[in-house]
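The values are calculated or read from the model by the stated rules, or taken from the named source; none is laboratory data. All values reported here derive from a predicted model rather than from experimental measurement. Don't worry about glycine lacking a Cβ; one is built from the backbone with ideal geometry, like all the others, and counts go over all protein chains shown. Accessible surface areas use protein heavy atoms only, side chains included; no ligands, DNA or RNA. Shrake-Rupley method; radii C 1.70, N 1.55, O 1.52, S 1.80 Å.
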Amino acid sequence: RHKELLDLSPLTAISPVDGRYSRVTGPLREIFGEYGLIKRRVIVELRWLEMLSELKGITEVPSFSSNVRKDLKSIFEDFDLKDAERVKEIERTTNHDVKAIEYFLKEKFAENQSLAPYSEFLHFSCTSEDINNLSYALMLRDARQDIIRPKIDEMIDTIVRFAHLHASVPMLARTHGQTASPTTVGKEFANFAYRLKRQRKQFAAIELQGKINGAVGNFNAHMIAYPDIDWRTASESFIKNDLDLTFSPYTTQIEPHDMIAELFDCLSRLNTILIDMNRDIWGYISHGYLTQRPVEGEIGSSTMPHKINPIDFENAEGNLGVANSILSHLGVKLPISRFQRDLSDSTVLRTLGVGVAHSLIAYTSTLKGFKKLGVNEKRLSEDLDSAWEVLAEPVQTVMRRYGISNPYEKLKELTRGRSITQEVMKSFIQELDIPDEAKKSLINLTPASYIGHAEALAKEI
């Protein structure tokens, strides 16, 4: 027995994107929801018609007056959910989503005397993919420009500020989980800021391509109807100037989707860097190096009242993993199409917003975590003061400079697997046959002061 279907709400949504995290992902709805796709299809159809009116060879569609242009513009500027519902109603009859757009616009034209004569030039020489690929490209452009890139910039700025604030705070580094040459808290976050900046630059520079060249990419119908028009130049101008996209000159029926793969592969790399950072933050909190400010009313454990769990960074890590799984699938699937076209990309393209949404959830969680993040300088100092063995590196390096034989082996014998105190290290240095100035420099050296250019590097990011 089937139960009555529940109305869709944050409590009944199958995906947490539209359920638990709907407040975070809400800005993406206008872009990646079906309403957003339908609206952008309407925009492409109407702007294509407007472009046809500018081609001198198409006398049947003379140059539009300012009033006609205004009427066209009002259709997509005033497009709302009621209009989208009408499109879906038409689609229930046509069983074809793009044809439903054409019929919807013909209804609109029939209601307007200035537009009615041009009704049959809607969707002129277009295949559905001409409209779809440009609409999806517009969705990606708007999401990158208005939502994702600003959020990435906010994260980078936050990490940079954290790096600057703690640029001079020494911290024991750990390689293979073992004590290693000291660094500073700020320098370790500067590393992530630099890596993210590099991916952000690549992400912003990826060209979003589009095509409007007919059923198999050769302008077949265009040239039969109007052979004297330079359709390649006209299409390139339309895509570049009217839609602010990049022209894709060689395609089959579909735009190859390589640019989607490039965009999502880059976003996935950026997300991977964030996973790396969030795991490190988790570890530093676990070691007591970083602290979290308690939030009034928040509970860390249902049974252990003392706990302040790194939930924001764990949430971010989990959502970044989900995002990358989806983004990676889109990157390897979409550029593949049998012969001139198969339809397996159609359903996959409808998930463009899902990987982006999980990324946005993760970025928001990361930023939330940073607002509570602090540094435990006392704990950092304690660890440094108990790790004098890390000075074996500078001591043996100075020994090499002054020609002392087997310096590495001598320090290995002294330090490996043994507890080394300040006194043990100073005693070893005192016995070295090196100039007094060099000996004094090594004796004055502490794990906390052995940080190289770390402070400067952190401040320069």
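Quick notes on this structure:
- Flag if LEU457 is farther than 30 Å from ILE152 by Cα and either polar (S, T, N, Q) or surrounded by 13 or more Cβ atoms within 10 Å (Cβ to Cβ) (or both): no
- Of the residues making up segment 193-243, those that are among the polar types (S, T, N, Q) and within 25 Å of the chain's Cα centre (by Cα) are GLN199, GLN202, GLN209.
- Unique match (being among the polar types (S, T, N, Q), within 30 Å of VAL348 (Cα to Cα) and not assigned by the TED database to the domain that holds LYS151) among THR59, THR93: THR93
- Of all residues in segment 421-438, those satisfying the criterion of being in a helix (DSSP H, G or I) and open to solvent by less than 30 Å² (accessible area, probe 1.4 Å) are MET425, ILE429, ALA438.
- Among the candidates LEU28, LEU52, the residue that is within 19 Å of LEU352 (Cβ to Cβ) and touching a helix residue (DSSP H, G or I) at 6+ places or on another chain (Cβ under 8 Å) is uniquely LEU28.
- Looking across segment 261-293 at every residue that is touching a Phe, Trp or Tyr at 6+ places or on another chain (Cβ under 6 Å) and not aliphatic (A, V, I, L, M), the one that is most open to solvent (accessible area, probe 1.4 Å) is identified as TRP282.
- Those residues of segment 378-407 which are in a helix (DSSP H, G or I) and more than 45 Å from the chain's Cα centre (by Cα), in sequence order: VAL398, MET399, ARG400, ARG401, PRO407
- Residues satisfying the stated conditions in segment 246-260, i.e. open to solvent by less than 10 Å² (accessible area, probe 1.4 Å) and of a type outside the set (D, E, K, R): SER248, ILE254, HIS257, MET259, ILE260
- In the condition set (1) open to solvent by 40 Å² or more (accessible area, probe 1.4 Å); (2) free of Cβ contacts under 8 Å to residues at least 24 places away in the same chain, ASN376 is compliant with all but (2).
- Meeting the requirement of 2 or more residues that are at pLDDT 95 or above and surrounded by fewer than 17 Cβ atoms within 10 Å (Cβ to Cβ), the helices (runs of 4 or more DSSP H) wholly within segment 121-236 are 149-165, 185-205, 220-225.
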